[in-house]
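The values are calculated or read from the model by the stated rules, or taken from the named source; none is laboratory data. Being a predicted model, the structure only gives us computed values, none of them experimental. Virtual Cβ from ideal backbone geometry, glycine too; neighbours counted across all protein chains shown. Only protein heavy atoms, including side chains, enter the accessible area calculation; ligands, DNA and RNA are left aside. Shrake-Rupley method; radii C 1.70, N 1.55, O 1.52, S 1.80 Å.
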Amino acid sequence: MALNIIIEKKLISDKNKILEYFSIVEKSISNKYQKDLIILKKALYQINVNNKEEGNKLLERLID
C-alpha cells in the first residue's frame, strides 16, 4: 500500500528505485494471489512509464 502512495503522489521519480521496491515487495509476499497482484501493478507501472515491452511480458507471465 505504501508503494502505491509513492507512485500515485510521485514521491520518487527514479524508475529504477521504484522497480527495486516492487522486487522487494514481491519477494516478501508468500501468498500467490497477493504476489500476482503485485506483478499486475508492476506491469501497469512499466506500461505507464513507457516500458511497454517489459509490462507486456509481465502480463503474459500472469496469464500463463
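Odds and ends about this structure:
Here's the yes/no breakdown for (1) of a type outside the set (A, V, I, L, M, F, W, C); (2) surrounded by 13 or more Cβ atoms within 10 Å (Cβ to Cβ); (3) under 10 Å from the mean Cα position of the chain (by Cα); (4) in a helix (DSSP H, G or I):
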residue: Ile6; (1), (2), (3), (4): no, yes, no, yes
residue: Ser13; (1), (2), (3), (4): yes, no, no, no
residue: Ile18; (1), (2), (3), (4): no, yes, yes, yes
residue: Lys27; (1), (2), (3), (4): yes, no, no, yes
residue: Ser30; (1), (2), (3), (4): yes, no, no, no
residue: Leu40; (1), (2), (3), (4): no, yes, yes, yes
residue: Ala43; (1), (2), (3), (4): no, yes, yes, yes
residue: Asn56; (1), (2), (3), (4): yes, yes, no, yes
residue: Glu60; (1), (2), (3), (4): yes, no, no, yes
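- Residues that are in contact with a Leu (Cβ under 7 Å, 6 or more places away or on another chain) and of a type in the set (S, T, N, Q) within segment 18-64 comprise just one, Gln46.
- Contacts under 6 angstrom Cβ, first residue in segment 10-37 being more than 19 Å from Gly55 (Cβ to Cβ), partner open to solvent by less than 90 Å² (accessible area, probe 1.4 Å), 6 or more apart: Ile29/Lys35
The rows are residues; the columns are (1) touching a Lys or Arg at 6+ places or on another chain (Cβ under 8 Å); (2) of a type in the set (Asp, Glu); (3) under 15 Å from Leu58 (Cβ atoms).
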| residue | (1), (2), (3) |
| --- | --- |
| Ile5 | no, no, no |
| Phe22 | yes, no, yes |
| Lys35 | no, no, yes |
| Ile38 | no, no, yes |
| Lys42 | no, no, yes |
